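Only one structure is covered here, and it is reproduced in the block below.
The values are calculated or read from the model by the stated rules, or taken from the named source; none is laboratory data. Values in this document were obtained by computation on a predicted structure and should not be read as measured data. A quick note on method: Cβ atoms are made from the backbone with ideal geometry, for glycine too, and the neighbour counts reach across all protein chains shown. Side chains are part of the model used for accessible areas, which takes the heavy atoms of the whole protein and leaves out ligands, DNA and RNA. Shrake-Rupley method; radii C 1.70, N 1.55, O 1.52, S 1.80 Å.
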Amino acid sequence: MRRSIATVCVSGTLDDKLTAAAAAGFDGIELFENDLVVSPWSPAELRARCADLGLSIDLYQPFRDFEAVPPELLKENLRRARLKFDVMAELGADTMLVCSSVSPHAADDDGLAASQLSTLASLAAERGIRIAYEALAWGRHVSTWDHAWRIVQAAGHPALGLCLDSFHILSREVSPDGIAAITPGKIFFVQLADAPHLRMDVLQWSRHHRLFPGQGTFDLPGLITTIQASGYDGPLSLEVFNDVFRQSDPARTAIDAMRSLVALEDRAGLRPLPPAPALGRHAFTEIAVDGDTGPQLREALHGLGFTHTGQHRTKPVELWEQSACRVVLNSAVTRPGAAISAFAVTADDPDTALRRAEALLAPARVGAHGPRETSLASLTAPDGTEVFITGDEWRADFLPTGDQPGPGAGLTAVDHIGLTQPFDHFDEAGLFYDSVLGLERLPTQEYAAPFGLMRSLGLATADRGVRLALPASLLRRGDWAPGVIAPQHVAFSTSDVLTAAARLRGWTLTIPDNYYADLAARYALTDQAVEDLRAHGILYDRDAHGGELLHFYTPVHGGRVFFEVVERRGGYDGFGEANTPVRMAAHRHLRLTGG
């Protein structure tokens, strides 16, 4: 099946959009009329440009408010259509999208709608053009796919068929199951978009909150399977209205779009990819440091009970360990400050994982290495973080310092890594990690923080051996902002958080007494339990199933990196998002007081 994308999905001029679509590997486009209207190219020049780029023009859209109107309006609508057919002939486009009417002049008369659409289809057929009729979810009288299909059936014209748009179908409460029974050949075009489930006006939902497949909550694989059962073999086309996408780099957006479509085809069984990697655990987390922040991070790791166990053979890179917790400090990175620059996860078949990544437009990059050093391939996540998929061979690059890791503070493994995402790339990052690495999406959380509303997406393997937390601010900030714009952290697990906190006294973040007074009111904890938490700066959360999280934080080190220690009890599966505003406020207070 051909892959297509609507020009409305990406930002820029028409040439920007076409160049991005072609570079990302799309076969064709849906030409949004507004993009043509503002273009300096004539339709014939646009056709030639598309041909040069290897793109077909699969759909011209939209043609609005046509059917079920009084005779004088029908005459005007047919005049409009003839002129559009002239344009389409120059473009070399053979299918026009006609949206169900929202006009106050349209009558609630299916017979009239069918008759007038048949007249339009006859005019179109004379020019070798087809009419794809689409039910807008907010259409005045026709707002569901099945209603549109009844009108197309009644019209009975071979040049009149359906355009099925996943948003218009799945945003309504009409089952798509009957689509499989549509007469073969009568689905002329399929448009795909995902979206979060929102309770709001459907028009505003559609115009501002559509997403690429896999970034929302719609069952698109199920819908594709149903459409396939009808015999449809035309293009799968993305039509996404999204305020962020229409302000972003078109080349990057087009790659995100293609990745979403490739992943959807895999989930729907249309074009299987190499299998997602069976990830095991966090292998190491790399923190880039400079001359100022390196000493701060070394002191913090030592304070947390880590031991400097290895030194890279040829690079200024140090390995710090405690049990299965491994942190690499990389002084070779030239950026200022400290940042989580990379992390590694183990996999049973790294080579297959890298082939899958390449198919999903995330090709691996092999860094510089010496003749006796391990060749490690990394993937670049949307925020620039390098992701290594590896076994244990990387350890051979580190020469032992002679110091052996001791029991430290009782930290046993990496529980999760927290990487604050840029606002514009939050949805892109989620798609990258779940499609490329095969991580399971956990429920998205939203919470009010000291600097605005935050959203956090959790991802994890089925056994929770690998976990990621991706928070982001929901709105772009103005001139006033927190001192740490995009904090990052590594969370370590422990089986005894109270003992760990006692051993790390002096390295933990101070939490205000007000929090513990509120904690006593919210949960049926004993006075002694609350006092133990308060005395050690430990925060507490409980889920709906009785699972508990006890965790504490360190101050921020090197400008934006901090650490967390967590103990999970009773199957708690979240990240303690309810306590994030407490942590953010405590970090800010510490900065303001010079602590």
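Points to keep in mind about this one:
- For segment 155-230, carbon and sulfur atoms together expose 54% of the accessible surface, with a 1.4 angstrom probe and every protein chain in place.
- Accessible heavy-atom area order of Leu399, Leu411, highest first, probe of 1.4 Å: Leu399, Leu411
- Summary value for the chain: 10 percent relative contact order, contacts being C-alpha pairs under 8 angstrom separated by 6+ residues.
- Relative contact order, percent, segment 324-411 [alpha-carbon distance under 8 Å, six or more residues apart]: 30 percent
- Whole-Hz couplings from phi, Karplus 6.51/-1.76/1.60, listed for segment 2-7; x for Gly and Pro: 6, 10, 9, 9, 6, 5
- The calculated FRET efficiency for the pair Ala23 and Ala448, based on their C-beta separation and a Förster distance of 51 Å, comes to about 0.80.
- Separation of the Arg505 and Asp351 label points, Cα + 7 Å toward Cβ, nm: 5.5 nm
- A cut-off under 11 angstrom between Cβ atoms defines the neighbours of Glu45, and their net charge, with Lys, Arg +1 and Asp, Glu -1, is -1.
- Accessible surface for His209 stands near 70 Å², nearest 10, in the context of the full protein assembly shown (1.4 Å probe).
- Between Val102 and Asp65, Arg140, the built amide H atoms are under 5 Å apart, and every one of these is 5 or more places off in sequence or on another chain.
- Per residue, in Å², the accessible surface of segment 51-175 once ligands and nucleic acids are set aside, probe 1.4 Å: 39 Å²
- Once both labels are positioned 7 Å from their Cα atoms along Cα-to-Cβ, the gap between Ala585 and Gln296 label points is 2.4 nm.
- Ile187 sits with roughly 20 Å² accessible to a 1.4 Å probe, with DNA, RNA and ligands left out of the calculation.
- The string of couplings for segment 339-344 from the Karplus curve (6.51, -1.76, 1.60, θ = phi - 60°) is 7, 6, 8, 6, 8, 10 Hz, one whole number per residue in order, with x for Gly and Pro.
- For the chain, the longest principal axis of the C-alpha atoms and the axis of helix 350-359 are separated by about 30°.
- Counting DSSP beta bridges with both ends in the chain, the antiparallel % (nearest 5): 55 percent
- Among Ser56, Ser378, the order of accessible area from largest down is Ser56, Ser378, computed with a 1.4 Å probe on protein heavy atoms.
- Shape call, segment 281-389: gyration tensor on alpha carbons, a/c limit 1.5: prolate
- Three-way shape call for segment 305-458 based on the alpha-carbon gyration tensor, with the a/c threshold at 1.5: oblate
- Extension gain for Ser175 to Ala154 (0.36 nm times residue separation, less C-alpha to C-alpha distance): 5.4 nm.
- Options [x] 3, 13, 16, 16, 14, 11, 8, 6, 6, 5, 2, 0; [y] 3, 12, 16, 13, 6, 3, 4, 8, 11, 12, 8, 3, 1, 0; [z] 3, 15, 23, 21, 15, 11, 7, 3, 0, 0 - which one matches P(r) over Cα pairs in 10 Å bins from 0, in percent as calculated here: [z]
- If you plug the beta carbon distance of Ala125 and Glu358 into 1/(1 + (r/R0)^6) with R0 = 56 Å, you get a FRET efficiency near 0.80.
- Straight Cα distances below 15 angstrom link Lys75 to the aspartates and glutamates Asp65, Glu67, with same-chain residues fewer than 8 positions distant left out.
- Inter-centroid distance (Cα atoms) of segment 116-193 relative to segment 339-361, Å: 42 Å
- Distance between the pseudo-spin-label points of Thr217 and Arg80 (7 Å out from Cα toward the beta carbon): 3.6 nm.
- Whole-Å distance, taken between Cα centres, linking segment 69-93 and segment 407-457: 50 Å
- Averaged per residue, segment 284-370 has 39 square angstrom of accessible surface, using a 1.4 angstrom probe with ligands and nucleic acids left out.
- Low-density loop cleavage sites - trypsin sites (Lys or Arg not before Pro) in segment 243-331, where at most 15 other Cβ are within 10 Å (DSSP): Arg313
- Given a 1.4 Å probe and the protein chains as shown, Met1 ends up with an accessible area of around 60 Å².
- Contact order for segment 158-206, expressed relative to its length and based on alpha carbon pairs under 8 Å spaced 6+ residues apart, stands at 51 percent.
- Contour minus Cα-Cα distance for Asn514 and Arg464 (0.36 nm per residue): 14.7 nm
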